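Novice: The structure's right below; bear with me while I get my questions together.
The values are calculated or read from the model by the stated rules, or taken from the named source; none is laboratory data. If you're wondering where the values come from, they're calculated on a predicted model, not measured in any experiment. Cβ: placed from backbone, ideal geometry, glycine included. Neighbour counts: every protein chain shown.
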Amino acid sequence: MVNFTSNTYQMKREILSFSNKISKHLSKPDKKFSADMTYGMLAAGSCLLTDVVEQLHEDTKADLAALPETERKILSLVANRLLCATGEKHLYETVKAELACGGYTFATSGKSVLKNGWKDFGDAFKRSFKTTEEKEQEDKKLPELSKGQTFDGVQTKISEHYTTPPKHFTEDLYCKG
């Protein structure tokens, strides 16, 4: 016999754990809103606001424009994370190569995406909140290589570079007012 009460509590714990992960830096009312919206979306099986409020037994005349900006952003974040969690797999291929030159071995790797899957939702979400021009990080794709392949006419140069260590943390850094 299945104990539905323990299954319900387990599901509630998992929902709260998920909700806490995505809202750990929010205020207490915003965390509660996030948890309620997550539960509503899972219970309704939909991200439509009308379906969610019906599951939460709230007034269905809710308007997104009437929500405060912080709650709209939380709703958007929860919906996005839910779509990412239930989306298709992100598939990629990794290639590693070792090259020998002058008695030294050099290693490199590259990655090519076969199917973007759930990352499409995350990318669209990030683009919607970009405020400044940020450079997209591109995957480094290696050219076609074969075992025993040689490269002719490659010019090399030995150079020496120095780095500087980071500044030490002092009380002044923490006490800026």
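Novice: Restricting to region 100-148, name every residue that is modelled with pLDDT of 80 or more, in contact with a Ser or Thr (Cβ under 6 Å, 6 or more places away or on another chain) and either in a loop (DSSP other than H, G, I, E, B) or surrounded by fewer than 10 Cβ atoms within 10 Å (Cβ to Cβ) (or both).
Specialist: none
Novice: So which of 98, 93, 69 is without any contact (Cβ under 8 Å) to a residue 24 or more places away in the chain, among the charged types (D, E, K, R) and under 30 Å from residue 41 (Cβ atoms)?
Specialist: The conditions single out 69.
Novice: Among the residues of region 17-52, which ones are of a type in the set (A, V, I, L, M, F, W, C), assigned to a helix (DSSP H, G or I) and under 15 Å from residue 74 (Cα atoms)?
Specialist: Those that are of a type in the set (A, V, I, L, M, F, W, C), assigned to a helix (DSSP H, G or I) and under 15 Å from residue 74 (Cα atoms): 18, 22, 33, 35, 37, 41, 49, 52.
Novice: Oh, and also: I'd like the full set of residues that are exposed (fewer than 14 other Cβ atoms within 10 Å of the Cβ), modelled with pLDDT under 80 and outside any helix (DSSP H, G or I), limited to region 63-95.
Specialist: Matches in region 63-95: 63 only.
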